Every structure is written in C-alpha cells, then in structure tokens.
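> First the structure, which I've put down as structure tokens, then a few questions once you've had a look.
The values are calculated or read from the model by the stated rules, or taken from the named source; none is laboratory data. These numbers were taken from a predicted model, which means no experiment stands behind them. Positions of Cβ are backbone-derived with ideal geometry, glycine not excepted, and every protein chain shown enters the neighbour counts. All accessible areas refer to the heavy atoms of the entire protein, side chains included, with ligands and DNA or RNA removed. Shrake-Rupley method; radii C 1.70, N 1.55, O 1.52, S 1.80 Å.
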Amino acid sequence: MRQLIRTGVLLIGFALALGTPLAAQTSDDFFNPEALQRIELWMHGQDWEKLKAAFEENTYYPADMTWNGITVYNIGIRSRGLGSRSSSKPGLRVDFDRYNNGQQFLGLKSYVLDNLTQDNTGIKETVAMRFFTRIGIRAPRETHARLYVNGVYSGLYGLVESVDKTMMGRVFGSIGDNVQNDGYLFEYNYVIGSPWRFTYEGSDLAPYKTRFDIKTNETHAESVIWGPIEELVRLVNDTSSTLFEQTIGPKLNLAEFVRYIAGQNFIAQNDGFNGYDGMNNFYFYRLENSTSHTFIAWDEDVAFLQPDFGITTRLDENALTRKTLELPSYRSQYFSGLSEAASSASDWMRQEMQRQFDMINEAMLADPKKPYTNAEYMADRERLLAFPDARITYVRCEVAKQTGATLPSGCQ
Amino acid sequence: MKRPLIVAILIAFAAVPAAAQDKKGFVWNDRPSIVFGEDINVAVTGRALVEWRWFDPDVGEDLFALRAGRLGLKGDLTRHLDWEIEREIGAGDAEEEGDSRIEFGDWKDVFVRWRTFDAARVKVGRFKIPFGLEQNTGVSELDFAYRALGSQKIAPGRDTGVMMSGALGRLGYEAGIFDDDGDNAEFSETQFVEEGQDLPNVGPSFAVRISGDLFRALGVSGRLRSANLGVAYTNSDVPEGLNSLRGESFWGTQDFFERVYVKGRRQRFGAQFDWTPGPTSLRAEWMQSREQRKEQSNRNADLSDFIGTAWYVTGTWFVTGEDKDDNVNAKRPLFKGGPGAIELAARYEQLGFGSASNEGDSFTNPRAEHLTPNSDSVFTLGVNWITSKWTRVIVNAIHEDFEDVNRTPVAGTTSFWSGLIRLNIVF
C-alpha cells in the first residue's frame, strides 16, 4: 500500500513537473533578466556549417528551437551583425514566422542572439538596456542564454528582444482596442564611410531611404515613408531657435530625445546617437496616426567606455543635438537627465553588474567560442565593476560645473 | 573553328538552289541542302524568334526580346544512319566599338541515329529524353509561343545518352539511358562537393515512353480512333542539396516554389493525349515528379517526398480549314492572294508543388515535412498566323493566377496579365 502511494505521488509530481513549464510561459519569462536561459537549436548538420562558412551573408537556414521544454519547429535563423559578425560564433537572428506567416512563439515573431564578441565582459548590452528601461528610455528586453546547437554548447549569447511591431505594441500600448504598433519603424543604417550628423541632404528621398531602413508598412509610398523624415531633417537645420520648439516639437518628442542622449552619455556610449563617427545604433519610430517621432535604444555593447567620458562630448557636432540644446530649457533637461541617471545608477548599477556576472560566470568561462580569453574576461569584468561609482561621481561633478551648482564632495 | 562553320553556312544560304529534281549539289528542299548522292546529304537548319511583349502589372521583364537563334546541320549517311547537330548562337559583346561578334551558346541536338529497322532504332548523342508530349514537339509545331510550365519544369528536356525506339504494331516505344537528368533539372547547389569534383550520385537516368492509338486498338469507331495516348516514366538519383525541381513563373521572373533539399530518387510519371481530327486538335498532358528527401529534416531524419504536378489541356482550330498535322500548308497562301493559315488556340494549365505529407502546419522551409503548397494556373489564348512554310506570327494573351499571395512575381498580387506578338522564323 505504501509502495502504491509512493508511486502515485511520484507520478503526480512527474506530471506536474512536465506540465509546469508549459503552463504559463510568456515572453517576459523568455527575456527574464534574472534567468540564464538555455536555448537549443536543431539544424541539419550541413546547414550549421554553411551558416558559419557564409557568416557574411544573410541567408536563412531552417531550424527547430527548444526552450524550457517548449519546441517550436521550422523557424528561420541567419547570421547577423555588422562589426560583430563571426564565423566561429555567429550572431543570429531567429525568425519564428520566416516560413509560416502565422507562426509565433510566446507572442514573438523573432528575437536576436547577440554573440557578445565585441564585449569581453558579456554584460554591457544587457546592463545598458535594463538601465535605459529604468530611466524611461524605450529599450528591448534582454537576458543571457547558453546556446546549444545540435546538442553541442556553442557559447554564451545575449538574448535580445527584436525591435518590431510586437515590441512597439508592448511599449506604446493600446488606445481602446487599437494596439499602437502600426506606425513607421526605421532601423538606422550606419553607412560605412559616410558619417551623418543630421545635416540636410536635399529634397531627394534617396539619402534618407539609405539611412533609415523601413521595418513596417514597407509597401507604402516612399513619400509617405521617408517624406516626413526629409521634412524633419530640413526643418531641424533651417529653423531658428525662436521657432524651433513649436516647429520641431510636433514632429519629434524633444523631451524624450534629450533623455535618450543624456542616458547614452551617462553610460559612456561612444558609438551612439552622438557617436565618434556620426549617428549609429538606434531605431526611429513615427507613432501610429501621428507626425511625431521618437527613438528606441539598440546595440549598446560598446558602452561603458570610460568613467570620465565627457558629458558634453560632441554635443555641438550633431545638428539635432546642437539645435535642441541651444534652447536653455532643453539644455537644462539634458543636465537634469544626467543627474537623474546618476541617481538611478547609484543604488543599482554596480549591484546589477555583479548580479549579471554571477549569473553568467560559469557559462562565460566555459564558452569555447568567445574571441577573448578567460583572463581577459576577468580583467575587463573588474574594470567594468569599477565603472559605476567612478562614473556617478564624475557626472555629478561635471553637471555641477556646467550648471553652476555647488560641487558635490569628491570632485576635482 | 567558328569561322569555317559560319562560312559554310553562308555558302549554303548563298548558293543558287539547284533544281530539286537534280538530286545532287545544292538543293532548296524546304531548307538549304547539299545532296551528295542517294541517302547522303546535308541540310542547314535554323531559327530566330523576335518578340514584343506587354505586362500588367510590370514584372521587370524586357518589352522586346530577340530570343537566341539556332543554327544546325542535319543529314543522312546512307539509308541506315541519319544525324543532326544544332547549337544556339547570338550576338556577343563587341570588344571594340564597331565590332560585332557572333557568340555560340549551348549545344542542342547532337546525335546519330541507326534506323535500319523500324522496330528498333538506336539514337546516340545528345537529344531530348522521351518524356513529355509538348517537350518533345519542335518549336515550329508548337501551338503557343511558349511550352506549358510542366513541359518546361517537370519534363527533363535534353541530355546525353542512348535510346532505342520503334513501332511494335500499333504501339510506339522509346527507352533510353542518360548521363544526367535533363537540362530542365539542372542542379543548383554543389556545396557537398569539393571544388573540381563532379556531383556524385547523379544519373544515369532511365526513361521510357509508350504510346499508341488505343481507341483504334480497342475497336472504337469514329474520329476518336485517331487519338493517340501514351504514358511515360523516368527514374534517376538526385544529389544531396537544394537540388529539387522548382516552380518558376511563366516569364521566369520569380520562383513561386523555390528548390527544397532532396536526396535519393527522382521519378516522373506522365500521361499524354493527342487527337487531331481535321482542322482541330485536342491535346492534354498530366505529369508528376516525386523526389525523395532522405535525411533532410532539421534533425537529419527522412522527410516525405517532394511532389510536383502539372497538367494542361489545349484546343486548336484552323479557321481557314487546313488539316492539323506536322506540315501545315495554307489552302490560300498569303503571297498568292490568300490570308495564309489562321489558327485559334486556347490552353489551360497548372503547375504546382508540395509535399506528400499534409499533416500539421505547413511551412515554406525547404526542410519542412509539410511544405506549404503553391501553384501557378495559366490560361492562354492565341492566334497563329502561318504566313509561309518558314514564318509564323504568334499572338498570345496570358493570364497567370498564383495560389500563394506571398510567393508571386509581385508580392501581394496573385493575378497577372501579359501578352506577346512573336515572329518565328524556322527552317
């Protein structure tokens, strides 16, 4: 009898264990920043070798994916990235609807597996995006994953939410029953050898079409898609300071823009909107049934350059940044944004970095494909952990100097 | 090598035709020929096709096309042997301004045939594999400017091999072994082969076709007695890779069904019907390809067969009353005060691909067990104006309709109209 009860309990427990992961999984679980995920991809052996050999191409290959006991079949994966492309550890774009328009996974159409090849610490991107969300900048959800391809550990990856209609619906919500995700979404395309700083490039739409890759409503007329961008750039460059806010304000959320560039500066992003080689690494979204645009954060894995990264670095180079910050109210908002970022970081950023390091450490050390040694990882990890405290002090001091406020203690 | 051939051809054209009854020397017998003696002769063959087209919506195709010309030689070598060689030619890129160059393209027919016995003729060389009624019909006898999609995409076309054919009573047969699996089934991917190596496991292919006047054999009376029916089959191996057959839109601008991964055997099954009572004709064909996909799933397991199916029905009518046969002679020739021969034609056809398995959700993934099907249904109306033995004007209006809105020449559009006017010069 006792044996029977024991067997029954075991069977019920087994059934519950099987059932639990399937019951209430959401995309929040998938991108849960506190969980190191395990992603398994199953591909024809030849396809994985071909993808790695042709890592410069965007050719899709079919695969099955398993996460947390759920398998989704016939998805499409391809190599992705710009400078991060790698043959040994390819960054991957994973499309659930590549081969069937209706197929989704936890409500997602796609996501990105960031190969972390440009970040020896492995956490810059994920810390930056969590921080942005914390200070009110729209950013993708992210965590880390151990990737297994055909059962073989293929390295530690960043698990990154795609910036697409699904994400627009998440961050912009609904008005009544209408999900606000039918606007015009653009990925900024960094054109090698042609740095751009929001200067007017003429009335022809071609230059704007080259720099702003349309991701939604692709079939609409070019004048409808890129015309408002040409107009925005023209007005930014041609409008005087006195008319700037009333002219540009309806076409670009200036307060959000200032918060965005302040946030990027705080994390010492040298390759962002005010980047060393012009603008880079962002999405741009024109809201549904609106003329207003806003920025979405993307690709911050070379942030945290150095704690003393100047808080006014290149603010006068970019036309949009310069003209916006010429207005005293927005210049003030910029420095306020930096101060708020420092405050938000002060009781959070170092702990978050440590937590993420603790979470990924074993997987990072075991990663056979990363293009840096474990010693390099450990050294950069220590440098990054020292960043928050030094940066917070530096920014507070520099903001005080810029605004004429009393210098906090510890300033030089 | 090229220059002597061109000179020979020009001489043949320039020669003043000898009277046909002389039977020796240069003779104009429908085409320029040189007769050396009884059953020993050489004739020049050729063709040029000029085409004007329109499209709605635009699919990015040229509105004018000078389709590749062909030149060839054919002849008899004794009463036991005949032969033929034919090659594509076209205008090449000039190296310097003012230069013009003739460029040679693919070899077409290159064969010798032993024909001593009607019951067993043997053909060796490069020629069409005996599969597909329309595919094996010469361009001058086609009812439309272009063959049906199935004839272009499923029927194998030409290859190098040896074939025996003949007539056994009311039955005709053709059976051959070929080096590969035909020009229409070229392999697209060689990634599983080291550079410089031949593709492994391709061919030899085997093909057989049997045809005959079935109704006559069954004792059916009336006009249907002349109807000819046939069945055909091919078998070959396909190398691993994206090497399956594929669905291409009528004008070739878009793969409405891209190649999928295959490995194993490729079979084709065909059936044909050909009936030409008086000035009318009714032709129909059905064909199906089945390709194995061994070890081709995402987890290296076997997948269900990849299947392509095509069929067409064609009807024609000479409104000027000529009999529909291989050599149409206008009752009232154009250059003798008549209208020439005028024929109306209509064809409905379909080519589609999918998987043997229909279970679960379907995917366009080239390794999916259940492939999302897609097909192209084409309706063609035509007028053929036969102005002489060598020239013909063809007018076709073509309507295409695709099953899958996401896999068409213009995404989001399933219905396409196009048209053409073509001048055929064939001798």
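> Considering each residue of region A:73-101, count those that are within 8 Å of another protein chain (Cβ to nearest Cβ) and of a type in the set (D, E, K, R), and give that number.
Here the count works out to 1.
> If you go through region B:212-255 one residue at a time, how many are among the basic types (Lys, Arg) and free of Cβ contacts under 8 Å to residues at least 40 places away in the same chain?
Count: 1.
> Another one. Tell me which residues, restricted to region B:326-381, are in contact with a strand residue (DSSP E or B) (Cβ under 9 Å, 6 or more places away or on another chain) and among the basic types (Lys, Arg).
Hits for region B:326-381 are B:Lys331, B:Arg332, B:Arg347, B:Arg367.
> Another question about this same structure. Tell me which residues, restricted to region B:264-300, are hydrophobic (A, V, I, L, M, F, W, C) and open to solvent by 50 Å² or more (accessible area, probe 1.4 Å).
B:Phe269, B:Trp275, B:Leu282, B:Trp286
> Can I ask one more? Is it true that A:Ile225 is under 24 Å from the mean Cα position of the chain (by Cα), farther than 19 Å from A:Arg286 by Cα and of a type outside the set (Ser, Thr, Tyr)?
It is false that A:Ile225 is under 24 Å from the mean Cα position of the chain (by Cα), farther than 19 Å from A:Arg286 by Cα and of a type outside the set (Ser, Thr, Tyr).
> Right, here's the next one. Got a number for residues in region A:50-98 being open to solvent by less than 30 Å² (accessible area, probe 1.4 Å) and not charged (D, E, K, R)?
The number of residues fulfilling the criteria is 22.
> Here's a follow-up. Give me the residue from region B:308-321 that is open to solvent by 30 Å² or more (accessible area, probe 1.4 Å) and of a type in the set (A, V, I, L, M, F, W, C) and, out of that set, farthest from the other protein chains (Cβ to nearest Cβ).
This residue is B:Val319.
> Is it true that some residue in region B:288-307 is touching a helix residue (DSSP H, G or I) at 6+ places or on another chain (Cβ under 9 Å), away from every other protein chain (no Cβ under 14 Å), acidic (Asp, Glu) and within 30 Å of B:Gly172 (Cα to Cα)?
Checked against the condition, which is being touching a helix residue (DSSP H, G or I) at 6+ places or on another chain (Cβ under 9 Å), away from every other protein chain (no Cβ under 14 Å), acidic (Asp, Glu) and within 30 Å of B:Gly172 (Cα to Cα), region B:288-307 yields no hits at all.
> If you don't mind, another one. Kindly provide the set of residues from region B:113-162 that are in a strand (DSSP E or B), within 17 Å of B:Lys74 (Cα to Cα) and not charged (D, E, K, R), ordered by number.
Hits for region B:113-162 are B:Trp114, B:Val122, B:Val124, B:Gly125, B:Phe127.
> Residues in region B:239-247: is at least one over 23 Å from B:Phe178 (Cβ atoms) and more than 14 Å from chain A (Cβ to nearest Cβ)?
Yes: region B:239-247 contains one or more residues that are over 23 Å from B:Phe178 (Cβ atoms) and more than 14 Å from chain A (Cβ to nearest Cβ).
> Follow-up question, since we're still on this one. Among the residues of region A:307-317, is any touching a strand residue (DSSP E or B) at 6+ places or on another chain (Cβ under 7 Å) and either open to solvent by 10 Å² or more (accessible area, probe 1.4 Å) or closer than 18 Å to A:Ala341 by Cβ (or both)?
Within region A:307-317, none of the residues are touching a strand residue (DSSP E or B) at 6+ places or on another chain (Cβ under 7 Å) and either open to solvent by 10 Å² or more (accessible area, probe 1.4 Å) or closer than 18 Å to A:Ala341 by Cβ (or both).
> Would you be able to say whether some residue in region B:321-332 is under 30 Å from A:Tyr73 (Cα atoms) and either outside any loop (DSSP other than H, G, I, E, B) or of a type in the set (D, E, K, R) (or both)?
Among the residues of region B:321-332, not one is under 30 Å from A:Tyr73 (Cα atoms) and either outside any loop (DSSP other than H, G, I, E, B) or of a type in the set (D, E, K, R) (or both), which makes the answer no.
> Would you check if A:Thr324 is polar (S, T, N, Q) and touching a helix residue (DSSP H, G or I) at 6+ places or on another chain (Cβ under 6 Å)?
Yes: the conditions hold for A:Thr324.
> Turning to a different aspect of this structure: What number of residues within region B:259-287 satisfy the criterion of being more than 14 Å from chain A (Cβ to nearest Cβ), β-branched (Val, Ile, Thr) and in a loop (DSSP other than H, G, I, E, B)?
Final tally of qualifying residues: 1.
> For region B:334-363, which positions are within 14 Å of another protein chain (Cβ to nearest Cβ), open to solvent by 50 Å² or more (accessible area, probe 1.4 Å) and among the aromatic types (Phe, Trp, Tyr)?
none
> Okay, next question. Anything in region A:26-51 that is within 14 Å of chain B (Cβ to nearest Cβ) and either touching a Lys or Arg at 6+ places or on another chain (Cβ under 9 Å) or among the β-branched types (Val, Ile, Thr) (or both)? List them, or say none.
Selection gives A:Trp42, A:Met43, A:His44, A:Asp47, A:Leu51.
> I'd like the full set of residues that are among the aliphatic types (A, V, I, L, M) and under 24 Å from the mean Cα position of the chain (by Cα), limited to region B:259-317.
Across region B:259-317, the qualifying residues are B:Val260, B:Ala271, B:Leu282, B:Ala284, B:Met287, B:Ile307, B:Ala310, B:Val313.
> Within region A:326-411, which helices (runs of 4 or more DSSP H) (wholly inside it) include 1 or more residues that are within 30 Å of A:Thr242 (Cα to Cα) and open to solvent by 60 Å² or more (accessible area, probe 1.4 Å)?
A:328-346, A:374-403
> For region A:272-290, indicate whether the set of residues that are within 19 Å of A:Met349 (Cβ to Cβ) and in contact (Cβ under 8 Å) with a residue 60 or more places away in the chain is non-empty.
No.
> Would you tally the residues in region B:364-392 being over 21 Å from B:Glu248 (Cβ atoms), within 14 Å of another protein chain (Cβ to nearest Cβ) and outside any loop (DSSP other than H, G, I, E, B)?
Of the residues in that region, 0 qualify.
> Go through B:Ile89, B:Ile102, B:Ile85 for me and flag whichever is at pLDDT 95 or above, closer than 20 Å to B:Leu49 by Cα and part of a strand (DSSP E or B).
The match here is B:Ile85.
> Which pairs have Cβ atoms under 8 Å, sit 6 or more apart or on different chains, and link a residue in region A:382-396 that is at pLDDT 95 or above to one that is open to solvent by 60 Å² or more (accessible area, probe 1.4 Å) and in a helix (DSSP H, G or I)?
A:Leu385/A:Arg350; A:Pro388/A:Arg350; A:Asp389/A:Arg350
> Within the set of pairs 6+ apart or on separate chains, which have a first residue in region B:256-285 that is closer than 21 Å to B:Pro373 by Cα, a second that is hydroxyl-bearing (Ser, Thr, Tyr) and surrounded by fewer than 18 Cβ atoms within 10 Å (Cβ to Cβ), and C-beta atoms under 9 Å apart?
Hits for this filter: B:Arg259/B:Ser188; B:Gln267/B:Tyr233; B:Arg268/B:Tyr233; B:Phe269/B:Tyr233; B:Gly270/B:Tyr233.
> Can you name the residue in region A:143-172 that is of a type in the set (A, V, I, L, M) and open to solvent by 30 Å² or more (accessible area, probe 1.4 Å) and is also nearest to A:Trp42 (Cα to Cα) among such residues?
So, considering only residues that are of a type in the set (A, V, I, L, M) and open to solvent by 30 Å² or more (accessible area, probe 1.4 Å), the one nearest to A:Trp42 (Cα to Cα) is A:Val152.
> Under 7 Å by Cβ, and 6 or more places apart or on different chains, what pairs join a residue from region A:219-236 that is more than 14 Å from chain B (Cβ to nearest Cβ) and open to solvent by 10 Å² or more (accessible area, probe 1.4 Å) with one that is among the β-branched types (Val, Ile, Thr) and assigned to a helix (DSSP H, G or I)?
So the pair list comes out as A:Leu235/A:Thr247; A:Leu235/A:Ile248.
> Against the definition (open to solvent by 50 Å² or more (accessible area, probe 1.4 Å), under 26 Å from B:Phe257 (Cβ atoms), assigned to a strand (DSSP E or B) and more than 14 Å from chain A (Cβ to nearest Cβ)), how does B:Phe416 come out, yes or no?
No: the conditions fail for B:Phe416.
Residue by residue, here is whether (1) touching a Ser or Thr at 6+ places or on another chain (Cβ under 7 Å); (2) more than 30 Å from B:Ile398 (Cα to Cα); (3) in contact (Cβ under 8 Å) with a residue 40 or more places away in the chain holds:
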position: B:Lys24; (1), (2), (3): no, yes, no
position: B:Asn41; (1), (2), (3): yes, yes, no
position: B:Arg47; (1), (2), (3): no, no, yes
position: B:Val50; (1), (2), (3): no, no, yes
position: B:Val59; (1), (2), (3): yes, no, yes
position: B:Arg79; (1), (2), (3): no, yes, yes
